[in-house]
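The values are calculated or read from the model by the stated rules, or taken from the named source; none is laboratory data. These figures come from a predicted structure and were not determined experimentally. Neighbour counts run over all protein chains shown; Cβ positions are idealised from the backbone, glycine included.
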Amino acid sequence: MEHSLRTALWVFCLFGFLQATPPCYGQGDLGFCFLQQHVKCVNVTFTYPINVQAKCSRDALQVFVQGLNNATTDCQDDQEIIPDTLESLAWKFPTTDSTNCKLQTKESQFEDFVKDLERLVQLINASGDK
């Protein structure tokens with residue numbers, strides 16, 4: 001009887017903990033490594049935000065999504081990885097109202113664009129903003 005009560009208590013605690021802690025999304029789920037390996041952007045520069053604060057992360061993410069949308073037409077993506085990444089971003093980080101943050105921008109090549117997008121997703125995960 002005592003063993004059953006102890007087991008029930010542990011199950012209750014575990015169940016409560018798992019519901020209270022939202023899962024962080026793995027970088028592999030978004031296909032960043034595939035973007036860097038398989039998407040070719042020749043003579044295309046991307047403008048995107050840098051030094052993003054956590055409170056402005058959603059506004060910055062929208063700029064990155066616009067950049068990925070442009071990449072679907074400006075870059076060679078034979079395996080159609082960009083649409084998959086866009087779909088995953090839209091599902092995992094739904095659009096919210098703009099906070100009208102002033103974002104510093106930078107221009108660079110696609111590889112740096114993807115690295116900074118990955119850093120932004122890490123920032124969103126670390127801040128617990130889902």
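Of the conditions (1) among the β-branched types (Val, Ile, Thr); (2) modelled with pLDDT under 90; (3) under 25 Å from VAL44 (Cβ atoms), THR96 fails just one. Which one is it? Looking at each condition in turn, THR96 falls short on (3). Of the residues screened, GLN79 is one that is exposed (fewer than 15 other Cβ atoms within 10 Å of the Cβ), out of contact with any strand residue (DSSP E or B) (no Cβ under 7 Å at 6 or more places or on another chain) and not in a helix (DSSP H, G or I). Close contacts from segment 93-116, counting a first residue that is closer than 14 Å to GLN53 by Cβ and a second that is among the acidic types (Asp, Glu) and surrounded by 13 or more Cβ atoms within 10 Å (Cβ to Cβ), with Cβ to Cβ under 7 Å and a gap of 6+ residues or different chains, come to THR99/ASP59; CYS101/ASP59; LEU103/ASP59. Look at (1) of a type in the set (Phe, Trp, Tyr); (2) farther than 17 Å from ASP116 by Cβ; (3) in contact with a Leu (Cβ under 7 Å, 6 or more places away or on another chain) and you find that TRP91 fails only one, number (3).
Residue by residue, here is whether (1) in a helix (DSSP H, G or I); (2) over 15 Å from GLY67 (Cα atoms) holds:
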site	(1), (2)
ASP84	yes, no
TRP91	yes, yes
THR96	no, yes
THR99	no, yes
LYS106	no, no
ASP112	yes, no
LEU117	yes, no
LEU120	yes, no
ASN125	yes, yes
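Pairing residues of segment 48-63 that are modelled with pLDDT of 85 or more and assigned to a helix (DSSP H, G or I) with residues that are buried (at least 17 other Cβ atoms within 10 Å of the Cβ) and not hydrophobic (A, V, I, L, M, F, W, C), at Cβ distances under 6 Å and at least 6 apart in sequence or on separate chains, gives ALA60/PRO49; VAL63/TYR48; VAL63/PRO49. Please work out which residue is farthest from ASP112 (Cα to Cα), limiting yourself to segment 50-66 and to residues that are in contact with a helix residue (DSSP H, G or I) (Cβ under 8 Å, 6 or more places away or on another chain) and surrounded by fewer than 19 Cβ atoms within 10 Å (Cβ to Cβ). Only one residue tops the list, namely ALA54.
Restricting attention to segment 79-86, does a residue exist that is within 21 Å of VAL44 (Cβ to Cβ), without any contact (Cβ under 8 Å) to a residue 24 or more places away in the chain, out of contact with any Asp or Glu (no Cβ under 7 Å at 6 or more places or on another chain) and of a type in the set (D, E, K, R)? For segment 79-86, residues within 21 Å of VAL44 (Cβ to Cβ), without any contact (Cβ under 8 Å) to a residue 24 or more places away in the chain, out of contact with any Asp or Glu (no Cβ under 7 Å at 6 or more places or on another chain) and of a type in the set (D, E, K, R): present.
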